[in-house]
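The next block holds one structure in the form of structure tokens; read it before the comments.
Derivation of every value follows stated rules applied to the coordinates shown; laboratory data play no part. The shown structure was predicted, so the numbers you read here are calculated from the model rather than taken from an experiment. Neighbour counts run over all protein chains shown; Cβ positions are idealised from the backbone, glycine included.
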Amino acid sequence: MNNSQINRLKDKTFNYFGIFCTLIGLVILAFFIGSIFYDGLRRIDWDFLTSLPSRKAEKAGILTAWVGSIWIVIFTFIIVVPLGISAGIYLEEYAKKSRLSSLIEVNISNLAGVPSIIYGLLSLEIFVRLFGMGNSILAGSCTLALLVLPIVIVATGEALKAVPHSIRAASYALGASKWQTVWEQVLPASFGGILTGVILAISRAVGETAPLIVIGALLYVPFTPSSPMDEFTVLPIQIFNWISRPQHEFTTNAAAAIIILLLITFIMNGVAVYFRNKWQKKINW
Amino acid sequence: MNNLEEEISALKQELLKMFSLVGKQWKKTASAILEFDQDIAEEISSTETRVNALEIAIDRDCENILALLSPVAIDMRFVLSAYKINHELERIGDIAEGIANYICENESAYPKEVLEEVGLKTMLEQILSMISDISYAFEYEDTKVARKIFKKDKMLNKYNADSVTIILNNMDIFDRQKLLSILSTVREIERAGDSVKSIGEEIIFHLEAKVLKHVENKD
Amino acid sequence: MENVLEAKNVNVFYGDFQALKNINMKFKKNAVTALIGPSGCGKSTYLRLFNRMNDYIDSFNLQGEIMVENKNIYNKEIVVEELRKKVGMVFQKPNPFPKSIFENVAYGLKIQGVTNKAVLKNAVRKALQQAALWDEVKLDLDKSALALSGGQQQRLCIARTLAVEPSIILMDEPTSALDPIATAKVEELIRELKQKYTIIIVTHNMQQASRISDYTAFFYMGDMIEYNKTDTIFTNPQHERTQNYITGRFG
């Protein structure tokens, strides 16, 4: 075979290999979702969604869990978004590039790899005990905010980096200050990337279980929270709880709860992706 | 060498050819007059066609360089001066042919006495040396040599001014047609001298960016 | 014609590298001055001195004075944002903001605090007319600036600069990214603008310099070799280096 025939063959081979790799992941995912749906779909009804948890599987519902999850998500969002974006802006636009700033940036990325349970332990000492928040939604949100903060900071930094310097130059040349340039031009232009980072962060937060357990999210919460200082539980914890029960009916409940959790995740992502695409249309470098 | 340098070099070679042709024309004309050789006069006419063709070719080359290569500074001055030198050379060649034709119009030679009085031989030698000088100045880009011809041209002007009286004095002694031919010849040589002077001015414009047209003292 | 910009004993360093050596130069008001020279000769650095855009480069160091309307703009009291309202800049690659045409042109005024809609509308129209772009875009000012062609984008950037009403416009190779027709339009615009503005233009294109400028300065390796009226530079330059450069005998 001559050279170009060999190359053609390599091409085709990779083509099929790539299809295989892609399908394998999808197939496994489809299998997983399929089996969950098979187990849990019939359990979902209005009662399930609006009932409090109970020792009897048929009566148990996920009301407190999903309401708790929503509260946690909202408060985590409120804490992490301004903190993370501001830090990202500072590091990228304001901080002088020096060895110190590079060191800081590297370590922020490293933080994203720290096991989440460590954050739980840290928060237990600082937020729950030292600050006296107790095992409240506020403490849970602070914990998760810390956990996902690096994701937002890094994503913000990358999004800002992607804005061409020529935009900043044009703004400065017209007499804008640094803040005006960042606020009026750079941030709007990098909004898509930042939003993606926030989506990733919140998606991560929705599914976290270990740190919340450590700070004291309860396994059995018979009430819906009415203030951020209330005790709480979240869907993953509820799922964890049900899976540890011996009765088979609770497994069905768990499957149903998983479906709801997935639904919440997909809806959140979908909404965020929709807004990101709408924004992205305006900007094509 | 880039494209522009090549084109300018080629243009210079073409002009040198022109200088050479015109110089040869004048040598032949000088012989034709002094030896009254009507055959040479015929040769001159046929060479004139080549000179005219060369003039047109050089014109076109100048246009092309201007349109395509946008010369500036010294290159631009060279092309502009080449354009004008081209026309002056053609005129000088034309004059040579014109003088040669006078010989053919006459049946016998010009009277030697008149020729001596008028100083035609000296004039012819002068114009030949001027053409030689200016060719050298062009080829070697020598403005000093170019300036030499201004003085020589003044001499031709003087001889021309004096010739009218001399011819008038000889009107009753010699053949009138021959006398008129001599007078015309002197006039034409003076005009040729003027053209050589113009070429000198153009060479100095090219090399020194000085405009000597209409200036009295050319130093 | 009075001088409106001046460089006095200007030396510029980037760290140890000296980019400009002992430049002394006065720019004439309401004239177009072209800065020409081979790549890396310092002309862009020189241009950016006049609106202090070199300040963003860490290793930048200036010795000497840059005078704009008789004030040294590198003095501590000078507010850079105020300077840039007087001295505008157009860049090599058109860099409109990813916003609408209207918002692009209005930006310079908005950051000064102008909020009156009527005032902004008027200013935008005036600027677009001055930039010879109004007729092409007046029907849809809300269209994204990025949807315009390259030449239109560059004229938009010029309009954006004009809206702030500077008196001096710096142009860094403004047409090098444009096709010949767009280039011709921008050059025509420059020739009209010089009646009201003082324009300094850096260009790699010598024919452009000879077409549109009144004065030309030739830079080579950080030195200013020659500075004279454009017709003199291109018919009879005084320095051999200048002649070698403009006749193409060295890049």
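Computed values, structure above
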| quantity | calculated |
| --- | --- |
| FRET efficiency estimate (nearest 0.05) - Cβ-Cβ, A:VAL114 to A:PHE223, R0 45 angstrom | 0.85 |
| Peptides ranked, highest mean first, by Cβ atoms within 10 Å: ranges A:128-138, C:192-202 | C:192-202, A:128-138 |
| Estimated dipole of the stretch B:78-145 in Debye, rounded to 20 [Cβ of Lys and Arg +1, of Asp and Glu -1, Cα centre] | 160 |
| Inter-chain Cβ neighbour average for residues C:106-114, partner chain, 10 Å | 4 |
| Extent along principal axes [Cα atoms of the stretch B:10-106; Å; largest to smallest] | 51, 19, 17 |
| For chain B, alpha-carbon Rg relative to the globular expectation (2.2 N^0.38 Å, N residues) | 1.09 |
| Dipole magnitude (debye, nearest 20) for chain B, charges at Cβ of Lys, Arg, Asp, Glu | 660 |
| Listed residues C:ILE169, C:ILE158, C:ILE23, most fluctuating in chain C (Gaussian network, C-alpha, under 10 Å) | C:ILE23 |
| Binned Cα-Cα distance frequencies in the stretch C:135-251 - 10 Å width, integer % | 12, 39, 30, 14, 5, 0 |
| Positive minus negative residues near C:ASN244 (Lys, Arg vs Asp, Glu; Cβ under 13 Å) | -2 |
| Top of A:ALA65, A:ALA254, A:ALA57 by mean-square fluctuation, Gaussian network on chain A, Cα under 10 Å | A:ALA57 |
| Kirkwood Rh, angstrom, chain C [1 / mean 1/r, Cα pairs] | 18.8 |
| Cα long-axis angle, helix A:248-282 against chain A (0 to 90 degrees, to the nearest 10) | 20 |
| Student exercise, the protein assembly as shown dipole from Lys, Arg, Asp, Glu Cβ charges, in Debye to nearest 20 | 4240 |
| Hz values of 3J(HN,Hα) by residue in the stretch B:96-112 - Karplus curve (6.51, -1.76, 1.60), Gly and Pro given as x | 4, 5, x, 4, 4, 5, 4, 4, 5, 6, 9, 7, 9, 5, 5, x, 4 |
| Segments B:42-52, B:164-174, A:7-17 sorted - mean Cβ within 10 Å per residue, highest first | B:42-52, B:164-174, A:7-17 |
| Lysines with Cα under 17 Å of C:LYS185, excluding same-chain neighbours fewer than 8 positions away | C:LYS93, C:LYS194 |
| Cα-based convex hull volume of the stretch A:69-185 per residue, rounded to whole Å³ | 124 |
| Chain B: angle of helix B:143-169 to the longest principal axis, Cα-based, in degrees nearest 10 | 20 |
| Coil-residue GluC sites (Glu not before Pro) of the stretch A:10-100, DSSP, other Cβ within 10 Å capped at 13 | A:GLU58 |
| Debye intensity ratio I(q)/I(0), log10, the stretch A:104-162, q values 0.15, 0.23, 0.27 Å⁻¹ (C-alpha model) | -0.49, -0.87, -1.02 |
| Computed over the stretch A:189-285, Cα set: Rg, Dmax in Å | 17.3, 57 |
| Per residue Cα convex hull volume in Å³ - calculated over the stretch B:1-66 | 63 |
| Distant-in-sequence amide H partners of C:ILE201 (H built 1.01 Å from N, under 5 Å) | C:THR33, C:ALA34, C:LEU35, C:MET171 |
| 10 Å Cβ neighbours from other chains, averaged over peptide C:139-147 | 1 |
| Inter-probe distance in nm under a simple model that places probes 7 Å from Cα toward Cβ, at C:LYS76 and A:SER98 | 2.1 |
| Dipole axis of chain B (+1 Lys, Arg; -1 Asp, Glu on Cβ), positive-most option in B:LEU183, B:SER132, B:ASN217 | B:ASN217 |
| Violating pairs (Cα-Cα greater than 23 angstrom) within the set A:LYS278/C:LYS121; A:LYS161/C:LYS121; C:LYS28/C:LYS196; A:LYS161/C:LYS99; C:LYS29/C:LYS117 | A:LYS278/C:LYS121; A:LYS161/C:LYS121; C:LYS29/C:LYS117 |
| Positive-end extreme of charge dipole, the stretch C:105-212 - chosen from C:ASN122, C:THR198, C:TYR107 (charges on Cβ) | C:ASN122 |
| Prolate/oblate/rounded label for the stretch C:109-179 (Cα gyration tensor, a/c 1.5) | oblate |
| Candidates B:MET123, B:MET76, B:MET18, ranked by Gaussian network fluctuation over chain B, Cα under 10 Å, top entry | B:MET76 |
| Cα shape, the protein assembly as shown, gyration tensor, a/c 1.5 rule | prolate |
| Protection proxy ranking of A:141-150, C:224-233, C:78-87 - average other beta-carbon atoms within 10 Å, highest first | A:141-150, C:224-233, C:78-87 |
| Given charges at Cβ of Lys, Arg, Asp, Glu: the protein assembly as shown dipole, positive-most of C:VAL10, A:TYR172, B:THR49 | A:TYR172 |
| The stretch A:4-73: Rg to Rh, with Rh as the Kirkwood radius over Cα pairs | 1.40 |
| Calculated diffusion of chain A, Stokes-Einstein form, Kirkwood radius summed over Cα pairs, 20 °C and 1.002 mPa s, µm²/s | 99 |
| Degrees, to the nearest 10: C:117-130 long Cα axis against longest axis of chain C | 50 |
| Whole-Å semi-axes of the stretch A:3-43's equivalent ellipsoid (Cα gyration tensor) | 39, 5, 4 |
| 5 Å binning of all Cα-Cα separations within the stretch A:138-202, expressed as whole percents from 0 upward | 4, 19, 22, 17, 14, 11, 8, 4, 2, 0 |
